[in-house]
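Scroll down for the structure; my scribbles are underneath it.
The values are calculated or read from the model by the stated rules, or taken from the named source; none is laboratory data. These numbers come from a predicted model, not from an experiment. Virtual Cβ from ideal backbone geometry, glycine too; neighbours counted across all protein chains shown.
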Amino acid sequence: MAAACRFPEAEIVAVENDPDLVLLLRANLKVAGFDRRVSVVTTDFRTVRLEPASGPTLFIGNPPYVRHHGISPEWKQWYVKTCAKHGITASQLAGLHLHFFAHISAIASDGDFGCLITAAEWLDVGYGGALRSLLANGLGGAEIHILHPAAEAFPGTMSTAAITGFRIGRRPQSLLLRRVDEPKHLDRLEGGRSVPWTKLSQEPKWSILVREAPKPPPAQSNSASCAGSIEDK
């Protein structure tokens, strides 16, 4: 909904695996007048194939946080094989959110963009090495904004959070790393410490690099009302 508001000329494909949420989304799209511009696909994101586009594609989302215990052996093998196509060795212990990055790397084209919010543990744990390698190579990591572990990205959830931005096939020379203390500081995804990839490649854990980053400036509101009660942040 926010994407439809922010990008009024874009064609939008919404992917959701829960049929109840699909019904709710379709109703909200109808009320907001976005139903003719947003295609809703009820399926597992890992099975999605996109038609060729005349311009760049932006992949945005909040992948479900599912640990490897809840992932079937077939999908674990799929993940390992998908990463292997990029010459990257992946672990079957990876959570579902890393599967989303892997699938984007498989279906995206050079010049596309991505911005996903996930748990932040992949910055340090062993299974996160595959994603760190993907960002260093074809996935094109550009910036990571990390919420302080004591803050709640989503009320009622006890999970860390990181927003990762990437440019397919166009990796910058350095990765921007920024940590914020409160969710309100994520209103604007700006700033951070620029860390060269040569340094990142030598670090088995990235969170220590984030701790060295300067504190962000005071948050400024960047929300805009669109289609009634919809807020674009």
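Would you pick out the residues in segment 29-65 that are in contact (Cβ under 8 Å) with a residue 60 or more places away in the chain and among the β-branched types (Val, Ile, Thr)?
Val31
Tell me which residues, restricted to segment 92-123, are surrounded by fewer than 19 Cβ atoms within 10 Å (Cβ to Cβ) and either hydroxyl-bearing (Ser, Thr, Tyr) or farther than 16 Å from Tyr65 by Cβ (or both).
Gln92, Ala106, Ile107, Ser109, Asp110, Gly111, Phe113, Cys115
Looking at this structure, is Val22 in contact with a Ser or Thr (Cβ under 8 Å, 6 or more places away or on another chain), more than 25 Å from Leu134 (Cα to Cα) and either aromatic (Phe, Trp, Tyr) or modelled with pLDDT of 95 or more (or both)? Quick ask: steps written out before the conclusion?
Working: in contact with a Ser or Thr (Cβ under 8 Å, 6 or more places away or on another chain): yes; more than 25 Å from Leu134 (Cα to Cα): yes; either aromatic (Phe, Trp, Tyr) or modelled with pLDDT of 95 or more (or both): yes.
Against the criterion (in contact with a Ser or Thr (Cβ under 8 Å, 6 or more places away or on another chain), more than 25 Å from Leu134 (Cα to Cα) and either aromatic (Phe, Trp, Tyr) or modelled with pLDDT of 95 or more (or both)), Val22 qualifies.
For segment 128-167, which positions are modelled with pLDDT under 95 and aromatic (Phe, Trp, Tyr)?
Within segment 128-167, just Phe154 meets the criteria.
Hey, among Gly114, Gly191, which residue is in contact with a Lys or Arg (Cβ under 9 Å, 6 or more places away or on another chain) and modelled with pLDDT of 90 or more?
When all the criteria are applied, what remains is Gly114.
Could you tell me which of the residues Val31, Val66, Val38 is of a type in the set (A, V, I, L, M, F, W, C) and touching a His at 6+ places or on another chain (Cβ under 9 Å)?
Numbers: Val31 fails: touching a His at 6+ places or on another chain (Cβ under 9 Å); Val38 fails: touching a His at 6+ places or on another chain (Cβ under 9 Å).
One residue alone meets the criteria, Val66.
Tell me, which strands (runs of 3 or more DSSP E) lie completely within segment 1-67 with 1 or more residues that are in contact with a Cys (Cβ under 8 Å, 6 or more places away or on another chain)? Please lay out each step first, then the result.
Working: elements: 12-16, 38-42, 58-61.
Answer list for segment 1-67: 58-61.
I'm checking my understanding of the structure. Among residues of segment 49-81 that are β-branched (Val, Ile, Thr) and more than 16 Å from Ala3 (Cβ to Cβ), which one is surrounded by the fewest Cβ atoms within 10 Å (Cβ to Cβ)?
Going through the qualifying residues, I end up with Val66.
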